[in-house]
Amino acid sequence: MSRSRPFLILQLRPEDETSDNEFAAMLKYGGLEEKETHRIRIEKSGIPEDLVLENYSAVIVGGSPFDISTPGPDKSIIQKKIEQGFNRLFDEIVSNDFPFLGACSGNALLGSYLGASISTMYGEAVGCVTISLTEEGKKDTLLAGFPDQISVLLGHKEACDVTPVGATLLMTGIACPVQMFRIGKNVYATQFHPEGDSEGFTLRIRAYKHHGYFQPHEADILIDAVSQKHTPYAQNILKRFVSRYAR
């Protein structure tokens, strides 16, 4: 199908291989062709200041090795620039209820912008976990008809301590309560990776084995574990998002 406005995909991963794999997964599970997207890797120069949201159908943001909860003095110059850029972007996105889907880092960036505390209290090891739809989640367009619980792939050192003020909690977990929320009608964030699959997570485990997500000696065990997992409902969230906002 042809779309008049592309989907803006913002990526923060510094490694070419993991970034390319994430982008390919977004295309695959979102049902997108590359020509229907505008991909910007912002890990080097930040979000362009002349970016015009009206030129796009929606914004999709992936994960990264950056931690929002890192003390300010310890953050790199580029991380500070990226966070400032997102705050500017969220000023427009939230006030205009512009379609947005942020995963993992996108979740922390949006949650922080909305005033939620981001900390390591609810970090989760890399792997596949079961999370639950809330009553509000069952009513949401992206989740309607889903079973009460679904499997997702994730791995994060930090998370929202609470649901941001004014946001609607859509999915929750035992180890991490804020797994998916919505602000307004069109702005979404997930702590898990809707684009995640066993191939992508195997690549990320190898790339980030020394980044503190798990003990390096656990890498092979984790790779074996995720290779057996399938998360079709999580991936369907991405597909539904794209279908809903294609214009």
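The values are calculated or read from the model by the stated rules, or taken from the named source; none is laboratory data. Note that the structure is predicted; figures quoted are calculated from it, not measured. Cβ placement follows ideal geometry from the backbone for every residue including glycine, while neighbour counts extend to all protein chains displayed. All accessible areas refer to the heavy atoms of the entire protein, side chains included, with ligands and DNA or RNA removed. Shrake-Rupley method; radii C 1.70, N 1.55, O 1.52, S 1.80 Å.
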Of the conditions (1) within 17 Å of L10 (Cα to Cα); (2) open to solvent by 30 Å² or more (accessible area, probe 1.4 Å), Q79 fails just one. Which one is it? (2)
Condition first: over 29 Å from Y245 (Cα atoms) and open to solvent by 20 Å² or more (accessible area, probe 1.4 Å). Can you find one or more residues in segment 127-143 that meet it? no
Name the pairs: first residue in segment 231-246 and within 16 Å of S4 (Cα to Cα), second residue modelled with pLDDT under 95 and basic (K, R), Cβ to Cβ under 7 Å, at least 6 apart or on different chains? A246/R3
If we keep only residues of segment 228-247 that are open to solvent by 50 Å² or more (accessible area, probe 1.4 Å) and in contact with a helix residue (DSSP H, G or I) (Cβ under 7 Å, 6 or more places away or on another chain), then the residue modelled with the lowest pLDDT is K229
Out of the residues in segment 193-236 that are more than 20 Å from the chain's Cα centre (by Cα) and of a type in the set (D, E), which is farthest from Y29 (Cα to Cα)? E218
Flag if S112 is at pLDDT below 95, in contact with a strand residue (DSSP E or B) (Cβ under 8 Å, 6 or more places away or on another chain) and either open to solvent by 10 Å² or more (accessible area, probe 1.4 Å) or not in a loop (DSSP other than H, G, I, E, B) (or both): no
Scan (1) within 17 Å of A103 (Cβ to Cβ); (2) open to solvent by less than 50 Å² (accessible area, probe 1.4 Å) for the single condition P147 breaks and write down its number. (1)
Going by the structure shown, is P65 in contact (Cβ under 8 Å) with a residue 40 or more places away in the chain, within 17 Å of the chain's Cα centre (by Cα) and surrounded by fewer than 19 Cβ atoms within 10 Å (Cβ to Cβ)? no
In segment 183-208, which residue that is β-branched (V, I, T) and in a helix (DSSP H, G or I) is least open to solvent (accessible area, probe 1.4 Å)? I205
Under 6 Å by Cβ, and 6 or more places apart or on different chains, what pairs join a residue from segment 186-197 that is acidic (D, E) with one that is not in a loop (DSSP other than H, G, I, E, B)? E195/A25; E195/M26; E195/Y29; E195/L238
Could you check how many residues of segment 223-237 are in a helix (DSSP H, G or I) and either out of contact with any Lys or Arg (no Cβ under 9 Å at 6 or more places or on another chain) or among the aromatic types (F, W, Y) (or both)? 8
Does A159 count as touching a Cys at 6+ places or on another chain (Cβ under 7 Å), among the small types (G, A, S) and either touching a residue at least 40 places away in the same chain (Cβ under 8 Å) or open to solvent by less than 10 Å² (accessible area, probe 1.4 Å) (or both)? yes
